[in-house]
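Scroll down for the structure; my scribbles are underneath it.
The values are calculated or read from the model by the stated rules, or taken from the named source; none is laboratory data. Just so it is clear, the structure is predicted and the values come from calculations on it, not from any experiment. Counting neighbours? That spans all protein chains shown, and the Cβs are built from the backbone with ideal geometry, glycine included. The area values use the complete protein model at the heavy-atom level, side chains included, leaving out ligands, DNA and RNA. Shrake-Rupley method; radii C 1.70, N 1.55, O 1.52, S 1.80 Å.
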2 protein chains.
Amino acid sequence: MFKAFKKHKDLILYSSSLALLLLLLRWLEFRFLVLSTSLDIYIGIIAAVFMGLGIWLALKLFKPKPKTIVVEKEVYVTPTPEFVLNQKELDNLNLTIRELEVLELMAKGMSNKEIADQLFVSLNTIKTHSGKLFEKMEVKRRTQAVEKAKRLSIIP
Amino acid sequence: MFKAFKKHKDLILYSSSLALLLLLLRWLEFRFLVLSTSLDIYIGIIAAVFMGLGIWLALKLFKPKPKTIVVEKEVYVTPTPEFVLNQKELDNLNLTIRELEVLELMAKGMSNKEIADQLFVSLNTIKTHSGKLFEKMEVKRRTQAVEKAKRLSIIP
DNA sequence: AACAGCCTCATCCTTTCGGGTGATTTTGCT
DNA sequence: AGCAAAATCACCCGAAAGGATGAGGCTGTT
């Protein structure tokens, strides 16, 4: 009994609604046909009411359909292509420790003076190092040295 | 077509039921109240049609209103070894085309003179461009400019 | 001890770079 | 047509970078 009711409760609910609506219509029919015989208005009301019923029905039936939309959100991956030192190329250049240090600081955009201060040596020393560095790397300017070093994966 | 039927089978089912019920009621009404006129049938048709219209309207109009549940799905972006320009940072710097060109050539380790020859302009012009470039990038030397540009993914 | 390699520093000189200023032309937009 | 931004070029000056050369000190190997 209850099971059957539960199974068809929607149907019963809507049927009841319709019955109620029909009663309303009958009442309206009586009111308008007896008091004022405006058929157009009557039909208009019928149309409006049933259209409303249709809308209500449709909304009721297609209501809680939680459509899930998967939004792909790109995760910002830090551009860290994991620097791997190219030992081979580094060996080929045959740089000294000091020269490599100077190269690394150059790559940070530091001036010779700043590098000198950082390494606690004189400006002239850095000039000597950088000069030899350019010789070994076969470049003419610090910018070229840095570019080549990055290209050869000697520095990150 | 069949898919649409399957999808809205509930609605169709209930609508048919209602229509059937309506017919039954009308028949009952006719039988017991003996009040059947052509007007009633006409009104019934009106009601049915407009209810159908209402349903159709509702489905049509409120279809693109699916209460969507947004599920954010994190997607792994393979660390592309290829250069992806950071347009945001580039826009922030508000560089001109010429300044960007100079910056790119600087990054290749070229001297101002070489850049001037490459772009078919005078050395002084390149100096002006580079000066403004350093201003906008808030750096003091070309090496710093290149380093920062690479760090911000403005140049490869 | 001798030698080689590296690090350090210096001096002299030239080139390059960068800052500052001003001017003219070109171009894009309204 | 007129305005604003961009591009072009010039001149001056000081700072930084780079080339050439020489020299002294330290360290590990032979």
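With the label put 7 angstrom out from Cα along the Cα-to-Cβ vector, B:Lys132 ends up 4.3 nm from the copy partners, going from closest to farthest. Relative to the other identical copies, A:Phe83 shows label-point distances of 1.8 nm, where the label point lies 7 Å from Cα along the Cβ direction and values run shortest first. Of the residues making up the range B:140-156, those losing 30 Å² or more of accessible area when the isolated chain is joined by the remaining protein chains, with a 1.4 Å probe, are B:Arg141, B:Thr143, B:Glu147, B:Lys150. Take the Cα of A:Glu138, go 7 Å toward its beta carbon, and the backbone nitrogen atoms of the range A:92-111 under 15 Å from that spot belong to A:92-95.
Put simply, chains A and B cover up around 4400 Å² of each other's accessible surface, both sides summed, when a 1.4 Å probe is used.
Rounded if a/c is under 1.5, else prolate if a/b beats b/c, else oblate: with a ≥ b ≥ c from the C-alpha gyration tensor eigenvalues square-rooted, which is the range B:87-151? Prolate, because a/c is 1.5 or more and a/b exceeds b/c. Expressed as a whole percent, the accessible surface of the range A:91-156 that belongs to carbon and sulfur atoms is 51, based on a 1.4 Å probe. Given R₀ = 25 Å, what would the calculated FRET efficiency be for A:Ile97 paired with A:Asn124, taking r from the Cβ atoms and rounding to 0.05? Plugging the Cβ-Cβ distance into 1/(1 + (r/R0)^6) gives 0.85.
Across the identical copies, the label point of B:Leu152 (7 Å from Cα in the Cβ direction) is separated from its matches by 3.0 nm, in order from shortest.
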